[in-house]
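The values are calculated or read from the model by the stated rules, or taken from the named source; none is laboratory data. Since we're looking at a predicted model, the values are computed, not measured. Positions of Cβ are generated from backbone atoms using ideal geometry, with glycine treated the same way; all protein chains shown enter the neighbour counts. All accessible areas refer to the heavy atoms of the entire protein, side chains included, with ligands and DNA or RNA removed. Shrake-Rupley method; radii C 1.70, N 1.55, O 1.52, S 1.80 Å.
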Amino acid sequence: MSINPAAAEAPTGEASLSAQWSALREAGAAIGLIAGVATERPAPAERNFAAAIRDMGGWHLDLARDGLCDLAAMLRPGLAALLAVKARGCDASEPAKALWEEYRMRRDALLALAPEAGALGPRRSA
């Protein structure tokens, strides 16, 4: 697997927010796969998080960026350890379940920063 949660470490530009969020979602999916849990299809709020939080700006955006960096800092060593255990042919499902629950809790906290959007996602204008 080539999941790189480190991509979420350096929020340099507005476009990178989407890339960071996407990398963390991929890392979460990899952890769910190792844990053996059925990962749910991303809800619209999760798919549109980066755009919604970018539109909000201000302290919401700052808090989201900090949260993304914190989440990446947690997932990087955790996922590396899980992959190392799997590479040795051992069962990593129990520690992966614990990391999966932590990921979900932090992901949901980040999602709570963004406003509720309609079924079509956040409002965008050209």
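Quick one: would you say residue 79 is in contact with a helix residue (DSSP H, G or I) (Cβ under 8 Å, 6 or more places away or on another chain) and within 20 Å of residue 22 (Cα to Cα)?
Working: in contact with a helix residue (DSSP H, G or I) (Cβ under 8 Å, 6 or more places away or on another chain): yes; within 20 Å of residue 22 (Cα to Cα): yes.
Yes: the conditions hold for residue 79.
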What's the total number of residues in segment 101-113 that are in a helix (DSSP H, G or I) and either without any contact (Cβ under 8 Å) to a residue 12 or more places away in the chain or open to solvent by 70 Å² or more (accessible area, probe 1.4 Å) (or both)? 5
From (1) without any contact (Cβ under 8 Å) to a residue 24 or more places away in the chain; (2) open to solvent by less than 50 Å² (accessible area, probe 1.4 Å); (3) closer than 15 Å to residue 17 by Cβ, pick out the condition that doesn't hold for residue 66. (2)
Report, by residue number, each residue of segment 55-82 that is of a type in the set (A, V, I, L, M, F, W, C) and either outside any helix (DSSP H, G or I) or over 12 Å from the mean Cα position of the chain (by Cα) (or both). 56, 59, 61, 63, 79, 80, 81, 82
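Out of 28, 36, 13, I need the residue that is modelled with pLDDT of 90 or more and exposed (fewer than 15 other Cβ atoms within 10 Å of the Cβ). Which one? Give the steps one after another, and end with the answer.
Numbers: 28 fails: exposed (fewer than 15 other Cβ atoms within 10 Å of the Cβ); 13 fails: modelled with pLDDT of 90 or more.
Answer to the check: 36.
For (1) crowded, with 18+ Cβ neighbours inside 10 Å; (2) touching a strand residue (DSSP E or B) at 6+ places or on another chain (Cβ under 7 Å); (3) touching a residue at least 60 places away in the same chain (Cβ under 8 Å); (4) among the basic types (Lys, Arg), each residue gets a yes or a no:
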site: 44; (1), (2), (3), (4): no, yes, yes, no
site: 53; (1), (2), (3), (4): yes, no, yes, no
site: 93; (1), (2), (3), (4): no, no, no, no
site: 99; (1), (2), (3), (4): yes, no, yes, no
